[in-house]
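Report on one structure; see the data block that follows.
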Amino acid sequence: MKYDCLIIDDEKLLADSTAEYFNLFGVQTAVVYDAAGCRDFLKENTARLFLLDINLGETSGFRLCRELREKTDIPILFISARTSDDDMILAFHIGGDDYIQKPYSLGVLLAKVQVVLKRMGPEKLPDYDDGYLCVDLEAGQVRVEGQAVRLTSLGFRLLAYLIQNKDKVVSKQELFEEVWGDRFTGDGTLNVHIRKIREAVEQDPGRPVYIHTVWGEGYRFSGGGQ
């Protein structure tokens, strides 16, 4: 699931009330209470912004921030009751976008979050996403059940072209000319690439639900998922 904001704070009552307040104003927000909860959340969900407490009980927000920064450049706003200048400097040094003091005004905090989300612009949706298969043509990314799938450059271009012509029968000749740029490519080469794509994205490549063979004509990409 996709959220605007993830709050990571071991003060459960404060975290829950902040999330409830944000949701009332249309900022879709989830809550976890420690680093392990954050890791579990990110296995199946995404967020456009992290609201991260420096003190997380068994670990520090700084350590979690470093871990997150190895994987993503999503904005991180630090929240803390600590007032040390060293804390603030460290927060910005390791990738925090702001440092917010506790106790904070929910209205002021919401405004900061809204400003960051607005600055990021509207979220770009993947070109195809049915919950099982997700394809982002601009980023060149394919995910199956949330896990990245590797295709060759040619395989990705072939899948992308079929998605762009979703529910239409695309002839082999059209694929040769538009994807390969070579009208003399043989059927055997195309068949191998189609098989490789099916092996990567289909739950059962022998009974495909995405890339269908239309005998005597070509192929058709159909949505709907597994």
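The values are calculated or read from the model by the stated rules, or taken from the named source; none is laboratory data. Computed from a prediction, not measured in an experiment: that's the story for all the values here. Heads up, the Cβs are rebuilt from the backbone with ideal geometry, glycines too, and the neighbour counts pull from every protein chain shown.
A few remarks follow.
- Region 171-199 - residue that is surrounded by 16 or more Cβ atoms within 10 Å (Cβ to Cβ) and of a type in the set (A, V, I, L, M, F, W, C) and, of those, nearest to residue 142 (Cα to Cα): 197
- Wholly enclosed strands (runs of 3 or more DSSP E) of region 85-196 bearing at least 1 residues modelled with pLDDT under 90: 98-101, 133-136, 141-144
- Enumeration of residues in region 2-17 that are surrounded by 15 or more Cβ atoms within 10 Å (Cβ to Cβ) and within 24 Å of the chain's Cα centre (by Cα): 3, 4, 5, 6, 7, 8, 9, 15
- Residue list for region 71-84, restricted to those being modelled with pLDDT under 80, within 28 Å of the chain's Cα centre (by Cα) and part of a loop (DSSP other than H, G, I, E, B): 71, 72, 73
- Residues of region 128-154 that are closer than 21 Å to residue 222 by Cβ and either charged (D, E, K, R) or more than 19 Å from the chain's Cα centre (by Cα) (or both): 129, 130, 136, 143, 145.
- Hey, residue 157 outside the structural domain of residue 14 (by TED's automatic domain parsing), within 21 Å of residue 220 (Cα to Cα) and not β-branched (Val, Ile, Thr) or not: yes
- In region 20-36, the condition of being of a type in the set (S, T, N, Q) and assigned to a loop (DSSP other than H, G, I, E, B) is met by at least one residue.
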